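Here the structure is laid out as structure tokens; the discussion comes afterwards.
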Amino acid sequence: MNTLVHRLCAVAFAVSSAPLLAADPASATTTLAPVSVHASDTGVMETPSVQVRVSRTQLQQQNVTESADALKYVPNMMVRKRYIGDPNAVISGRNAGTLQSARSLVYADGLLLSNLMTNGYDGAPRWGMVAPEEIGAVDILYGPYSALYPGNSLGTTVLIHTVLPQRLTASASTQFFSQDFHDGYGAGGHYNGHQLAATLGDKQDRWSWLLELNRLDNDGQPLQYATAKAGGNPAIAVPVSGATLDRNPNGTPRLVYGANSIEHTMQTQAKLKIGVDVTEQIAALFTVGWWHNRAEDRTRSLIRDAAGEPVSRGAINAAGQTWTLPTSGLAPTAARDTHMLYGIELDGHLDNDWRWTAVASHYDFLRSQAATASRAEPGTPIGGPGTIANKAGSGWDTFDLRSSGPLGDRHMLYVGVHGDRYVLDTRVRNASNWLGDADGTPVSAFAGRSQTRAAYLQDVWSFADAWALTLGGRLEQWRAYGGLLGNASSTLHYADRQRTDFSPKAALSWDLADGWELRLAHGKAVRYPTVTELFQGTISANAIVNNNPALKPERDESTDLTLSRRLSQGHWRVSVYQDRIADSLYAQTDITVTPTVTSVQNIGKVRSCGIEGELGLTDVWTEGLDLQASLAFNDAKTLTDRQYPLANGKYFPRMPKVRASVFADYRFAPQWDASLGIRHSGRQYGTLDNSDYVNTYGAVSSFTVAEAKLRWKFAPGWTAALGVDNLTNATYWVYHPYAGRTWFGELRWEL
């Protein structure tokens, strides 16, 4: 199958040396008709990429606890959401695994939610700034085929549209969830939580406003496990029971003796949006968002001595061998975060049918502390020595000014400028009590800044009735500066860097018959290194090591060939795509030097290609039955990796060979509907050399999971629902274990 995928990609992209890009501006605009959105959203939607929409109705049919859940059934995509309330829910798409967060963009009403300070498991979008109750629709764009977006669009762009009320509106809802988790190591059990949400808004004359509040309290399953290596003094080893003899994903033996990162998270979110029609031609939208998280990651020893007491350190005897437990193997952690989002948007239109938009945003890590104990404290933390990492003051600023309008009868022109700045400031200090203040000596520090200035131009030329040609380009100037790295005794500074790149875009679309469209799109994207990739490292002998502030940006040449068909009761689409990425950024070990160095490095050439299809139908076979399905075959491989040649020709990590989904909803009575969904992710690897073959803790699993939901509108404005995720209670991993079977109960009222 992978050979067939590669051959079809090669045939489809034989013309990629002459890139073409197209869009039908009329169809792109009418896509937004069901949802009242702002001009900024409309402008960025008019793009020649593959587009998928998730409506508010579809969200109500699914088990949704956070805005990230809106992407569960999007074709050839997934979100690495390990438990309810996971702040590290990273997007994975066509050419990005779940450790490549900087290859996606997420906006809410034109405000950037993507955390582009880093690229990895901790770079997830700030989903907590948008509650499910305020979502009107979500649009997903594939690939870097529009000049309106920065190079991070080489993967996936998500546009969340929220709407302001047109009349007095209010809602209140409560959710309860209970997870039945099992892991084979002895840390299974029930993990429960609940969520409360409310909204209130109105529109009076020129003013409209919406206030939204949300409170989540949840206990997650263990995310990590404490393991021991063989060895130690058998004379002092304590005989224990409860340990599990296990293997790493690469097959080497280990002993699992404890569970880590059993997180209790309490998240509170509030948002206020105010809209005003300044004049008949100018409208403004002001947004203030607040998100607070208090999380405690507890640990649990799974082994007992002869007296039945838990053991968490020292030498033990288990499985006929002596093992040594690391001192910090069961050390708990805690996090305290308070984030703010500020946004302002001005939309206007001119008498000549041109429109303009100005959007500015500021995301601020007011408080961001991660505390870690120095020693094992299983059960309820008691306090003691540890470290506290403080990221307060970090954040980002963005500004966009764009305009669009007709140029004659056959041209639609888009022009704009963009600016952004990312600030990363991390300080780590010792603490006499890790549950208190950072009152000890400095341990390390790193900081840095990056900024981008860009200008773009894009023209859609409808040169014939059934044809449209789009040509565009984006000129970007990137700068990295203010980088520093410190330890307990010294601080070193990095040299500033700057470079300029041009990314051309082009495409051609043909309406070959009524309801049929064939589109060939090509685009270049430049994804610059994040400040974390550039500036995080260590100091030895007054020199910076294990770090590369001279990292090159990723450069993607992406091509997409799509055939789509509109039906009277739905649509279908088939796409063939290819991405050839030079200098891909990924953490790996350089084995060509002695001693080896592990850090973020540039991988010479990576190719991702595949075939994906989707189908959406309403009233299938019988009135009230809706169906959506997707199937994708992916072939992502490392072509050239000079520092780690063992990866050459191997599948790129965390990119499944197959992704598939099906979701059906049946309105079987006026007040009732039921839904069933199934998602499948095929074989994938967690290592560059594909040496992981054991499906265990630390692995990246293939999986098939199902979910169901039953809704009842039992009175005007009132809805009750019962749902279940992971219906078969499958055990599967993304290094960490995913959640087990989870039951949901929901009660909702709306005015």
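Please treat every number below as a calculation from the coordinates, not as lab data. Given the structure is predicted, the values throughout are model-derived calculations rather than measurements. Every residue, glycine among them, receives a Cβ derived from its backbone with ideal geometry; neighbour counts consider all protein chains shown.
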* In degrees between 0 and 90, to the nearest 10, how far off the longest principal axis of the chain does helix 2-12 point, with axes built from Cα atoms? -> 30 degrees
* What per residue convex hull volume, in Å³, do the alpha-carbon atoms of segment 490-640 yield? -> 159 Å³
* Provide the three semi-axes, in whole Å and in decreasing order, of the ellipsoid equivalent to segment 320-457 as defined by the square roots of 5 times the Cα gyration tensor eigenvalues. => 51, 16, 13
* Structure fact -> Cross-link reach from K273 to lysines, straight Cα distance under 19 Å and at least 8 residues apart if same chain, gives K203
* Asked: Over all distinct alpha-carbon pairs, what is the Kirkwood Rh of the chain in angstrom?
  -> 27.2 Å
* Computed over segment 74-113, Kirkwood Rh from alpha-carbon pairs, angstrom -> 11.0 Å
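In whole Å, what three semi-axes, largest first, describe the equivalent ellipsoid of segment 169-309 built from its Cα gyration tensor (square root of 5 times each eigenvalue)?
Square roots of five times the eigenvalues give 53, 16, 12 Å.
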* Which whole-Hz ³J(HN,Hα) couplings does segment 446-457 yield from phi under the Karplus relation 6.51 cos²θ - 1.76 cosθ + 1.60, θ = phi - 60°, glycine and proline marked x? -> 8, 7, x, 9, 9, 8, 9, 10, 9, 9, 9, 9
* **Pairs from K81/K657; K81/K637; K650/K709; K391/K552 whose Cα-Cα separation, in the structure shown, is over 28 Å** => K650/K709
* To do: Could you pull the Rg and Dmax for segment 72-186, using just the Cα atoms, both in Å?
  => 16.1, 54
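Quick check on the chain: helices-only [θ] at 222 nm, where DSSP H runs of length 4 and up contribute -39,500 (n - 2.57) each and the sum goes over total residues. Nearest 500, please.
Details: 5 runs with 35 residues, N = 751.
My calculation for the chain gives -1000 deg cm²/dmol from helical runs alone.
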* Asked: Each residue of segment 116-129 in order: what ³J(HN,Hα) in whole Hz does its phi give by Karplus 6.51 cos²θ - 1.76 cosθ + 1.60, θ = phi - 60°, with x for Gly and Pro?
  -> 8, 6, 9, 9, x, 4, 9, x, 5, x, 7, 4, x, 7
* By what distance, in whole Å, do the Cα atoms of segment 592-744 stretch along each of the three principal axes, largest value first? -> 71, 30, 26
* Asked: Remind me, what semi-axes does segment 608-665 give for its equivalent ellipsoid, largest first in whole Å, using sqrt of 5 times each Cα gyration tensor eigenvalue?
  -> 39, 8, 5
* To do: Please state, as a whole number in µm²/s, the translational diffusion coefficient that the Stokes-Einstein equation yields for segment 704-751 at 37 °C and 0.692 mPa s, with Rh defined as the Kirkwood radius across alpha carbon pairs.
  => 267 µm²/s
* To do: At q = 0.17, 0.24, 0.25 Å⁻¹, what is the base-10 log of I(q)/I(0) for segment 243-311 according to the Debye formula with one equal point scatterer per Cα and no solvent? Please give it to two decimals.
  => -0.84, -1.04, -1.07
* Asked: Taking segment 658-746 on its own, what percent of its Cα-Cα pair distances exceed 18 Å?
  -> 55 percent
* To do: For a quick protection proxy, order the peptides 347-353, 313-319 by their average other-Cβ count within 10 Å, most packed first.
  => 313-319, 347-353
* Asked: What are the ³J(HN,Hα) values, in whole Hz, obtained from phi via the Karplus relation 6.51 cos²θ - 1.76 cosθ + 1.60 with θ = phi - 60°, for each residue of segment 301-308 in sequence order, with x given for Gly and Pro?
  -> 7, 9, 10, 10, 7, 5, 8, x
